[in-house]
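Enquirer: After the structure tokens below, expect a handful of questions from me.
The values are calculated or read from the model by the stated rules, or taken from the named source; none is laboratory data. Predicted, not measured: the structure shown is a model, and the values here were computed from it. Ideal geometry is used to build each Cβ from the backbone, glycine not excepted, and the neighbour counts take in all protein chains shown.
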Amino acid sequence: MAIEIVATGRAVPPNRVTNDDIAEKIDTNDEWIRSHTGIGSRYFAGENTASSDLAAEAAKNALAMAAGYTGGDIAERDRAAAEAAPAIDIIILATVSADYYGTPSTACIVQDKIGAVNAGAMDIAAACTGFIYSLETAAGILNINARRKKALVIGVEVLSKLINWNDRSTCVLFGDGAGAVVLEKKDSSDSGLQFSLLSADGSGNESLMIKRGGTRYPFKNGEVIDAADADRSICVGMNGQEVYNFAVRAITDTINALIKTTNINIDDITHIIPHQANSRIVQAASKRLQIPIEKFFLNIEEYANTSSASIPIALDEMNRGGKLKKGDLIMTVGFGGGLTSGGNIIIW
Ligand code: UT7
């Protein structure tokens with residue numbers, strides 16, 4: 001039995017924001033952002049767009065591909081997606097920027113938007129490792145019940161609405177977007193998801209957090225939300241250097257552990273798809289592990305850090321760009337808030 005990725009999709013909002021655009025708003029510049037992060041631009045959602053909107057678009061693109069349609073006509077795509085949606089048994093959606101806190105899950109809203117009327121649906125909160133956790137969760141749910149055949153796994157973020165514009169070291173990092181894959185349980189055994197590593201170090205939970213609005217620090221009646229004040233805002237707060245050091249350690253340790261556990265040779269890996277947080281993190285890992293940088297897929301220059309969405313967006317870009325061939329050995333590796341880290345080994 002194998003759990004295969006049979007289709008991929010992605011969606012970003014139309015508004016592309018360059019570093020120069022950001023520099024018109026805050027004290028920064030293109031040179032600093034590029035040299036410290038590798039980021040050149042990002043996409044920001046409009047006022048009326050929430051995570052479920054981008055997630056549904058990415059899901060429809062993946063479902064249409066599963067039904068055999070990869071063209072650009074939206075009506076055709078919607079028709080193909082609507083045809084494929086009822087066959088989905090479970091939707092797992094990774095996000096830290098849900099439409100609503102707590103309930104309903106964004107996955108449930110997407111289930112309704114795409115007409116996946118026979119699917120269960122739930123969200124996973126594992127920050128930038130969310131898609132990696134979600135793939136393993138979906139595979140487990142398919143495997144445990146013989147009648148379940150197909151899953152939709154989505155990573156989505158609208159981080160632009162949670163950015164603290166008074167903190168220039170974090171506000172330049174994030175972007176919005178969604179990526180989705182359709183998983184199918186098949187009889188073959190030489191392809192699909194082979195192994196996942198899921199790790200956490202909760203002692204670092206304060207290094208990357210959205211502090212307010214939950215049950216630890218709820219808002220009081222009449223309180224004014226003030227983005228400039230970390231103690232009164234619902235924005236993403238990050239200790240950049242602490243997370244940077246964790247990230248380099250996590251990406252290096254995860255790649256080493258995946259190689260060791262699955263007994264593969266580094267030369268056998270066709271592509272490593274890392275979470276796109278900072279190209280310097282990937283360069284540091286490449287150097288430490290003596291893995292050529294060309295093995296790592298990087299698209300952070302275009303999309304910036306889209307947290308849960310970065311790996312599925314990369315997967316779709318590679319897939320639609322003809323970069324993935326049957327039999328390719330693919331490793332994903334992620335790290336982020338929680339602190340969480342992990343990776344998947346997939347044979348395409
Ligand atoms: O996806 C989840 C995982 N997230 C990550 O992995 C992110 C990890 N962290 C990082 O990638 C890096 O720590 C950052 C990119 C966030 C920051 O880079 P850094 O090299 O650690 O910069 P820094 O915060 O130490 O700041 C260095 C200097 C400071 O100036 P002084 O004090 O040396 O004069 C900052 O004020 O750079 C300045 N600076 C900026 N200058 C222009 C910070 N942000 C900016 C900016 N534009 N946007």
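Enquirer: State the number of residues belonging to the stretch 250-309 that are within 24 Å of GLN194 (Cβ to Cβ), among the hydroxyl-bearing types (Ser, Thr, Tyr) and under 20 Å from the mean Cα position of the chain (by Cα).
Expert: Count: 3.
Enquirer: Can we say ARG320 is surrounded by fewer than 23 Cβ atoms within 10 Å (Cβ to Cβ) and within 12 Å of the ligand (Cβ to nearest atom)? Steps first, answer last, please.
Expert: Working: surrounded by fewer than 23 Cβ atoms within 10 Å (Cβ to Cβ): yes; within 12 Å of the ligand (Cβ to nearest atom): no.
No: the conditions fail for ARG320.
Enquirer: Do we have any residue at all in the stretch 200-220 that's within 14 Å of ASN344 (Cα to Cα) and outside any strand (DSSP E or B)?
Expert: No, the stretch 200-220 has no match at all.
Enquirer: For the stretch 217-233, state whether one or more residues are modelled with pLDDT of 95 or more, in contact with a strand residue (DSSP E or B) (Cβ under 7 Å, 6 or more places away or on another chain) and within 16 Å of the ligand (Cβ to nearest atom).
Expert: First, the residues of the stretch 217-233 that are modelled with pLDDT of 95 or more: none.
No: zero hits.
Enquirer: Check the stretch 140-151 and report whether any residue there is crowded, with 24+ Cβ neighbours inside 10 Å, on the phi < 0 side of the Ramachandran plot and under 19 Å from the mean Cα position of the chain (by Cα).
Expert: yes
Enquirer: Further question: For the stretch 1-115, please list each of the strands (runs of 3 or more DSSP E) lying entirely inside it that holds at least 2 residues being within 16 Å of the ligand (Cβ to nearest atom). Quick ask: steps written out before the conclusion?
Expert: Numbers: elements: 2-11, 15-18, 41-44, 90-94.
Output list reads 15-18, 41-44.
Enquirer: Something else now. When you scan the stretch 123-130, do you find a residue that is touching a helix residue (DSSP H, G or I) at 6+ places or on another chain (Cβ under 6 Å), among the β-branched types (Val, Ile, Thr) and buried (at least 18 other Cβ atoms within 10 Å of the Cβ), even just one?
Expert: yes
Enquirer: Condition test on THR261, is it in contact (Cβ under 8 Å) with a residue 40 or more places away in the chain and either outside any helix (DSSP H, G or I) or buried (at least 16 other Cβ atoms within 10 Å of the Cβ) (or both)? Spell out the reasoning first.
Expert: Values: in contact (Cβ under 8 Å) with a residue 40 or more places away in the chain: yes; either outside any helix (DSSP H, G or I) or buried (at least 16 other Cβ atoms within 10 Å of the Cβ) (or both): no.
No.
Enquirer: Taking only the stretch 273-311 into account, find how many residues are in a helix (DSSP H, G or I) and at positive phi.
Expert: Filtering the stretch 273-311 down to residues in a helix (DSSP H, G or I) leaves 279-289, 293-295, 300-303, 307-311.
Then drop every residue that is not at positive phi, which leaves 307.
So the answer is 1.
Enquirer: Do we have ARG212 as in contact (Cβ under 8 Å) with a residue 12 or more places away in the chain, among the basic types (Lys, Arg) and within 16 Å of the ligand (Cβ to nearest atom) here? Before the answer, list the steps.
Expert: Working: in contact (Cβ under 8 Å) with a residue 12 or more places away in the chain: yes; among the basic types (Lys, Arg): yes; within 16 Å of the ligand (Cβ to nearest atom): no.
Considered against the rule, which asks whether it is in contact (Cβ under 8 Å) with a residue 12 or more places away in the chain, among the basic types (Lys, Arg) and within 16 Å of the ligand (Cβ to nearest atom), ARG212 comes out as no.
Enquirer: Of ALA94, ALA125, ALA107, which residue is at pLDDT 95 or above, of a type in the set (A, V, I, L, M) and touching a Pro at 6+ places or on another chain (Cβ under 9 Å)? Give the steps one after another, and end with the answer.
Expert: Working: ALA125 fails: touching a Pro at 6+ places or on another chain (Cβ under 9 Å); ALA107 fails: touching a Pro at 6+ places or on another chain (Cβ under 9 Å).
Matching residue, one of ALA94, ALA125, ALA107: ALA94.
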